[in-house]
Each structure stands twice: as C-alpha cells, then as structure tokens.
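The structure under discussion appears below in the form of structure tokens.
The values are calculated or read from the model by the stated rules, or taken from the named source; none is laboratory data. Since we're looking at a predicted model, the values are computed, not measured. Positions of Cβ are generated from backbone atoms using ideal geometry, with glycine treated the same way; all protein chains shown enter the neighbour counts.
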Amino acid sequence: MFIVEIGAGVSAYLYRKGIHKSILDLYLKTLHSYPTEPNLKVPVDRLQKQFHCCGAVIYSDWFNTTLRNAVPDSCCMKETPHCGTSINETTNIYTQASLSGCIDKIGSWIHEHSILIGGIGVGFGVAQVMNI
C-alpha cells in the first residue's frame, strides 16, 4: 500500500497541469448543476465565501448556467439577500479575474499549504512503515 501511495504522490506532481484542468472541468460542471441540485448549494457557497471568489475562473462563469445574468449571493463581498441578482451593479461582486476565480484561489491555498499537506502525507507514510 505504501508503494501505491508514493506512486500516487509522484503521479499527482507530474500530472499537476492535467489535474488542474480536471478540477476546472469538475467545478464548471458543478456550477451548471448548482441551481438544480440542493446538495451543492452549501459546499459551493461555503467555498466562495471562504476564498472570497466567484465562479471557476471569473464571476461570469455563472452566466452559462440557468442563473443567466445572476450569481449566487455567496459571490457578494457584502452578502445580503438577493445581492447576486442585481448583476448590473457589480461593485459588490468578486469580479476581477485575478481576484475572483475559485480555481486559482484553491490552487494558491494548496500551494501555500503544500509543506503542511506533504508533512501530513509523510506522517501517514511513516506510520504505515512502522505499523502504527
């Protein structure tokens, strides 16, 4: 099992660009399902609030969903009921691509915490080798 985990870690590193595209594609599919799937609302809203982001790459990603010219309220810098429906007024929406895309924000978070994530992985590996 330990060898499989090492292989998975090496593969993840080598194919990180492909993984980024896969995550982007998955997130875009999630955006399309968000309006009709109640189980997606809480995690997507929580993610957008926590990372102060809107959409996969930019807020207008939401326009390709059934929301059309609106975004979820979790895209609002100051969240109030129905703040995402007044998309003509974008001063309260995370709009700038460099500041707003959730995929890049998540990627940056993972990069910033990669030492911790790697350390946890090494810890699990050592525990397995020692049969703990």
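Of all residues in region 91-119, those satisfying the criterion of being among the β-branched types (Val, Ile, Thr) and modelled with pLDDT of 75 or more are 103, 106, 110. Inside region 47-75, residues that are farther than 14 Å from residue 32 by Cβ and among the charged types (D, E, K, R) make up a count of 2.
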